[in-house]
Amino acid sequence: MATVGKTETSDIAVHWKEEGYVQPPAKFVGQANLADPSIADRFSLENFPECFREYADMLSWDQSWHTTLDTSHPPFWKWFVGGKLNACYNCVDRHLPKHKNKAAFIFVPEAETEPTYTLTYQELYVRVNETAAVLRDFCGLKPGDRVTIHMPMILELPITMLACARIGVTHSVVFGGFSGEAAGTRAADSGSTVMIYADAYYRNGKLIDHKASADIAVKTAAAEGVTIDKVLVWRRRDGEDLSNTPMVPGRDFYMEELLKNYRRVKVAPVSVDAEHPLFLMYTSGSTGKPKGCQHRTGGYLAYVTATAKYYQDIHPEDVYWCMADIGWITGHSYIVYGPLSLGATNVLFEGVPNYPDAGRPWRIAEQLDVNIFHTSPTAIRMLRKAGPNEPQKYNYHFKHMTTVGEPIEPESWRWYHEVVGKGEAVIVDTWWQTETGGFLITTKPALDPMKAGSAGPAALGIFPVIFDEAGNEIAAGSGRAGNLGIRNPWPSIMQTILNNDDRFVQQYYAKFCKNPKSTDWRDWPYFASDGAVLAADNYYRILGRVDDVINTAGHRLGTKEIESACLTVPQVAEAAVVPVVDEIKGRVPAIYVALKPGVTDTKQVTEDIIRAVETMIGKIARPKGVHIVADLPKTRSGKIMRRILAAISNRVDTGDVTTLANPEIVEQIRKQVQGDGPVDLQDAPEDIKRFGEQE
Ligand code: WTA
């Protein structure tokens, strides 16, 4: 196994120039929620874990907790033990006395000709109650049951999530852009018997028939032994049938019709234990099957509420817009639970950022006077390419902007700061993961200077560490890259992988656990699967995944999942998927396949492979290239050397290949992919260099 610890300082220095500090604007500092520097002392290591009481105190509890952190069964930490609360109550009911008439959501449809729609907290309360009544009384769902929600970005998505939370049902939202198969597999793994859909939605000016996915999902779940009894379907437009897919009698029900029987019904929020699972979020890891990350109610809600307040600086009077999709963790934590718990006004946008043109986001910002904006480096790169001068045409003013999900290169960061933010906004580059529930590395916007390309220092109460492969700590300022870990537990760390405690331990803790018998959290650092470098000023620069996950446009794709999809094409004998650097999306997958003997129609096979990937996962996994090769490079024991294929796709030195079982194939594939002429070898980013080394 190659090791990152061996990476020389000189290697890193080649593509890492230390950037200067940018100070937050005085106007921002003057109004910030977090402006008192003494907070760092309150969250020092000596005050861990009790420091997090301050976060829990931001919530309304039905019964207070007696133990902040229980470590008796590592690494299955328990937070705020003994406490009881309801997440929906915290996000909705508690705002009514003072703010019932305030906008909770402003829905912006994709079509600019369709008017925006405002939902007040009172209206949200009414709709969530009626929806909860359908789930409880019509579907018979009870606390602890799991429900799969496969919906696009429409108001009914957060309404359905909150309705689940109200009655203690654990929701599992699957990103709307995933295929029916992907939703069905996840529904089966979670043991859902109810799935919730929308009939249709708009994307890039087209109406997408989403109900069609429901039929595929139910069939897929059935093939995996799980029966979906009921499919509830929200209509994108009341009273109109936008989908051509027929309803299945006795199984499919329009919510619009069911709700008629539950008008004005109130459903008391069910007070659940702090450890009660609030939701599942499936994500890709290093095996073929996506894993269900399970998040608790109390610790999660406390952490996302406090971090939305401190790092995103959300005040009730702000207009906040996170352009992510609710179907990802960013949307769960920083559209739904964090902001609503703070009583924010949230913009919910149905469309894509550059449709009909790259001025759309800035028109929305101007029209709604958005002052906090949150997006991904991919969206920033895309908008910059399509309309570098668009932002200055519009009269909006952001005080705060977030970037999340992928490393951002300093050049894009500067455009975001100077052109999108007009030099007036503070930027936080927040590093975190589906598993971590909330931000773990970020600047404190009024207190720490920004540094382009660096996520920043650790968040309050978080103590990261960088390990080499042998588990030795790499010191700040050494210039050496290593594996990012977190020394301590925190309230929003996932509880486990659903139905797979063992994999949870193996994936996140086994690698750097100092003593598996210990009940001291200090012996159980969390392994993040990201590479990072720690500068002398304690700012972290994130280098990307060190496992076989490809981060494409901020979305996590498992290479093994894509390979499994390729292998469903009968002509394919072997498949290997590798990441390729892409100017806009960060990384994209490239596919290498060897065919069974005698197959000749490679054009047809290529089409079938692309179709298989799109139907089993979704369009987001569409490969950049499909290379049909005579054989894949293998070790003498028969292991496919994905590292070499990644080197070829990224025009990087393939290194020594003489020990392979079939060394001659490397040059053959290289010529096929790169052409016969001379090739300018590139210096690879850290994740490309390390790709495949874990095998
Ligand atoms: C990457 C998204 C650089 C990282 C919240 C991580 C980042 C993966 C950043 C998690 C950032 C996230 N800078 N890389 N600020 N934030 N990542 O689970 O590789 O969809 O492991 O969660 O995104 O992706 P996930």
Relative counts (whole %) of C-alpha pair distances in region 560-695, using bins that are 10 Å wide: 12, 43, 37, 8
Could you list which residues have their amide H under 5 Å from that of R296, counting only those 5 or more apart in sequence or on another chain, with H placed in the peptide plane? L278, Q495
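Return the FRET efficiency for the residue pair R263, R522: r is the Cβ-Cβ distance, R0 is 45 Å, and the value is rounded to the nearest 0.05.
E between R263 and R522, to the nearest 0.05, is 0.25.
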Highest mean packing first, using Cβ neighbours within 10 angstrom, the peptides 43-51, 502-510 sort as 502-510, 43-51
What does the C-alpha gyration tensor say about the overall shape of region 494-636? Classify as rounded when a/c is under 1.5, otherwise prolate if a/b is larger than b/c, or oblate. prolate
Assuming R0 = 60 Å, what is the FRET efficiency of E54 and T600, from their Cβ-Cβ distance, to the nearest 0.05? 0.35
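Please give the per residue volume of the convex hull enclosing the alpha carbon atoms of the chain, rounded to a whole number of Å³.
160 Å³
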Under the rule of -39500 (n - 2.57) per DSSP H run of 4 or more residues, summed and divided by the residues of the chain, what mean residue ellipticity at 222 nm is obtained, to the nearest 500 deg cm²/dmol? -7000 deg cm²/dmol
19 Å reach of a label modelled at A223, 7 Å along Cα-to-Cβ, counting backbone N of region 282-320: 288-291
Quick one: which residues, 5+ away or cross-chain, put their amide H under 5 Å from the amide H of G618? H built at 1.01 Å from N. S179
Which whole-number percent is the relative contact order of the chain (Cα, under 8 Å, 6+ apart)? 14 percent
HN-Hα J couplings of region 515-527 from phi, Karplus 6.51/-1.76/1.60, θ = phi - 60°, integer Hz, Gly and Pro as x? 7, x, 8, 6, 9, 8, 4, 4, 8, 10, x, 7, 9
Which of the trypsin sites (Lys or Arg not before Pro) found in region 370-446 are in a DSSP loop and have at most 16 neighbouring Cβ atoms, other than their own, within 10 Å? K422
Using 0.36 nm per residue of separation minus the Cα-Cα distance, give me the extension gain between K142 and N244 in nm, one decimal. 33.5 nm
Using a simple charge model, +1 on the beta-carbon of Lys and Arg, -1 on the beta-carbon of Asp and Glu, nothing else, what dipole does region 467-623 show about its Cα centre, in debye to the nearest 20? 160 debye
For region 201-208, in order, what is each residue's ³J(HN,Hα) by Karplus, 6.51 cos²θ - 1.76 cosθ + 1.60 with θ = phi - 60°, in whole Hz (x at glycine and Pro)? 7, 9, 8, 6, x, 10, 8, 9
Can you give me the long-range amide H partners of A661? Hydrogens built in the peptide plane at 1.01 Å from N, cutoff under 5 Å, separation of 5 or more residues or another chain. K634, T635, R636
For region 245-367, what proportion of DSSP beta bridges, expressed in % and rounded to the nearest 5, is antiparallel? 65 percent
Diagonalise the Cα gyration tensor of region 430-527 and give the resulting equivalent ellipsoid semi-axes, square root of 5 times each eigenvalue, largest first, whole Å. 25, 17, 11
Can you give me the C-alpha center-to-center distance between region 483-518 and region 137-161, rounded to a whole angstrom? 29 Å
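For D676 and N101 in the same chain, what is the full-extension length gain: residue separation times 0.36 nm, less their Cα-Cα distance, in nm?
200.2 nm
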How big is region 106-251 on each of its three principal axes, counting only the C-alpha atoms and giving the largest first in Å? 45, 33, 25
By average C-beta atoms within 10 angstrom, highest first, the peptides 452-459, 33-40, 434-441: 434-441, 452-459, 33-40
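Determine the percent antiparallel among the DSSP beta bridges restricted to the chain, to the nearest 5.
Around 55 percent of the beta bridges assigned by DSSP in the chain are antiparallel ones.
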Distance between region 315-353 and region 522-542 - C-alpha centres, whole angstrom: 28 Å
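Please arrange K78, K619 by how many other C-beta atoms lie within 10 Å of their C-beta, fewest to most. Walk me through the intermediate numbers first.
Details: K78 22, K619 11.
In increasing order of surrounding Cβ atoms, one gets K619, K78.
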Could you list L96, L498 so that the one with the fewest beta carbons within 10 Å of its beta carbon is first and the one with the most is last? L96, L498
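Based on the Cβ-Cβ distance of A35 and N472, what FRET efficiency does E = 1/(1 + (r/R0)^6) give at R0 = 56 Å, to the nearest 0.05?
Values: r = 38 Å, r/R0 = 0.68.
The formula returns an efficiency of 0.90 here.
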Counting other beta carbons within 10 Å of each Cβ, put R587, R264 in order, fewest first. R264, R587
Could you tell me whether region 604-654 comes out rounded, prolate or oblate from its Cα gyration tensor? Rule is a ≥ b ≥ c as square roots of the eigenvalues, rounded for a/c under 1.5, then prolate if a/b exceeds b/c, otherwise oblate. prolate
Debye calculation, C-alpha points only, no solvent: report log10 I(q)/I(0) for region 313-439 at q = 0.20 Å⁻¹, in the same order as the q values. -1.21
Roughly how many whole Å is it from the C-alpha centroid of region 573-589 to that of region 420-467? 27 Å
Could you tell me the relative contact order of region 104-221? Use alpha-carbon pairs under 8 Å, at least six residues apart, and round to a whole percent. 25 percent
Between K422 and Y117, what is 0.36 nm times their sequence separation minus the Cα-Cα distance? Round to one decimal in nm. 107.0 nm
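Each reported figure results from applying straightforward, stated rules to the coordinates on display, with no laboratory input. Small disclaimer: the values here were computed from a predicted structure and weren't measured. Heads up, the Cβs are rebuilt from the backbone with ideal geometry, glycines too, and the neighbour counts pull from every protein chain shown.
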